[in-house]
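Written out below as structure tokens is the structure these notes cover.
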Amino acid sequence: MPPSEQSPSRAGATQFAQERAQFRVQVEECLPASSHLLARRLHDLLRASLRDGAFGSGKLPSEAELMTQYQASRDVVREALDLLRSDGLVERRRGVGTVPVRAEYLVSGALPPEGRSLEEHLALGRIAPRLLHWAWVPAPQVIADHLDGTAVGDDCLCIEYVLLLDRRPIGLFTNYLRAPEAARVDLTTFRDDFYSLLHAGGIDFTTFDVGVQAALADDYAAALLHVLPGEPVLLLEQTIRDRDGQAIDYALGTCRSEMQLRIGAIPRIDLTGALPR
């Protein structure tokens, strides 16, 4: 039957089949070769090993050793190492081999136990804040929405600082602390980290909510974190709660991309139990 004489339903089915075949061709053209996928997976494994400190401060295994260890071809190993170099994690040094040049940090998402500083909790090095701003401000709508018992225009304490690890900036944070708790903290005690500041004020807190989003560094954050504008960063949003579940602090932060937040012991939710009967 000529196309002009086909029924509408058959013509539609034919057009759909043609469009699907065309889409399949487009997808196949975009897919990387299998060797590139292997290199990507090896890159991810090596990056995880770097983050875990598997190579210490020494060099990575040789290409031949990596080929044997991961049953990979030389081309795959070299492409994986090139990806690590593009990440700024390693560099090849003549007569030495491939060596790590930038640390990656695995940070626990749990709050420090009572009586311990963030520095003791993470055990990554010396942690200290570089204070940028400390002032009482009227709460805008978004802050009032995140702090229990706080209305628009109510006073809250705005604390902005750069968190340093061994004098190297790793994060930029702005905290909005609820007025009752803010009245109990002292600027002179802000020497270690924000949690220690709360502890020093006798402020009891037990849990927090946290959200993480990938982004690119703006000019302001880039200058403070010592990265280039447009480099990848992590945006953090955190709400700290007291023993009664009341939100007492809301924070927005920007962290360097080498930080990885690990949150463990996430419970499995029984959705069936939450459904109406």
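Coordinate-derived values only; no laboratory data. This one's a predicted model, so the numbers in the text were calculated from it and none came from an experiment. Positions of Cβ are backbone-derived with ideal geometry, glycine not excepted, and every protein chain shown enters the neighbour counts.
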| query | How far is it, in nm, from the label point at residue 65 to the one at residue 10 when both lie 7 Å from their Cα along the line to the Cβ? | reply | 6.9 nm
| query | On average, how much area does the Cα convex hull of the chain cover when viewed from any direction, in nm²? | reply | 25.7 nm²
| query | Binned at 5 Å from 0, what are the whole-percent values of the Cα-Cα distance distribution for segment 161-277, short to long? | reply | 2, 10, 17, 18, 17, 15, 10, 6, 3, 2, 1, 0
| With r defined as the distance between the Cβ atoms of residue 184 and residue 101 and R0 fixed at 51 Å, what FRET efficiency is calculated, to the nearest 0.05? | 0.70
| query | Once the Cβ-Cβ distance between residue 93 and residue 123 is put in as r, and R0 is 22 Å, what FRET efficiency do you end up with, to the nearest 0.05? | reply | 0.15
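Quick check: residue separation of residue 263 and residue 37 times 0.36 nm, minus the Cα distance between them. What number comes out in nm? The partial results should precede the final answer.
Numbers: separation 226, 0.36 × 226 = 81.36 nm, distance 2.79 nm.
Length gained between residue 263 and residue 37: 78.6 nm.
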| query | Using only the Cα atoms of segment 92-236, what do you get for the radius of gyration and for Dmax, in Å? | reply | 17.6, 64
| query | Going toward the positive end of the dipole of the chain, with +1 on Lys and Arg Cβ and -1 on Asp and Glu Cβ, which of 133, 100, 254 do you reach last? | reply | 100
| task | Based on alpha-carbon positions alone, could you give the equivalent ellipsoid semi-axes of segment 34-100 from the gyration tensor, as √(5λ), descending, whole Å? | result | 17, 13, 11
| message | Using helices alone, I'd like the mean residue ellipticity at 222 nm for the chain: each DSSP H run of four-plus residues gives -39500 (n - 2.57), total over residue count, nearest 500. | response | -10000 deg cm²/dmol
| query | About its Cα centre, what dipole magnitude does the chain give when the only charges are +1 on Lys and Arg Cβ and -1 on Asp and Glu Cβ, stated in debye to the nearest 20? | reply | 1060 debye
| note | Cα gyration tensor of segment 161-223 diagonalised, 5x eigenvalues square-rooted, in angstrom largest first, produces semi-axes 25, 15, 11
| request: Calculate one ³J(HN,Hα) per residue across segment 189-198 by plugging θ = phi - 60° into the Karplus curve 6.51 cos²θ - 1.76 cosθ + 1.60, and present them in order as whole Hz with x for glycine and proline. | output: 8, 8, 10, 10, 7, 5, 5, 5, 4, 5
| query | Relative to the Cα centre, what is the charge dipole magnitude of segment 34-100, using +1 at the beta carbon of each Lys and Arg, -1 at the beta carbon of each Asp and Glu, and rounding to the nearest 20 debye? | reply | 140 debye
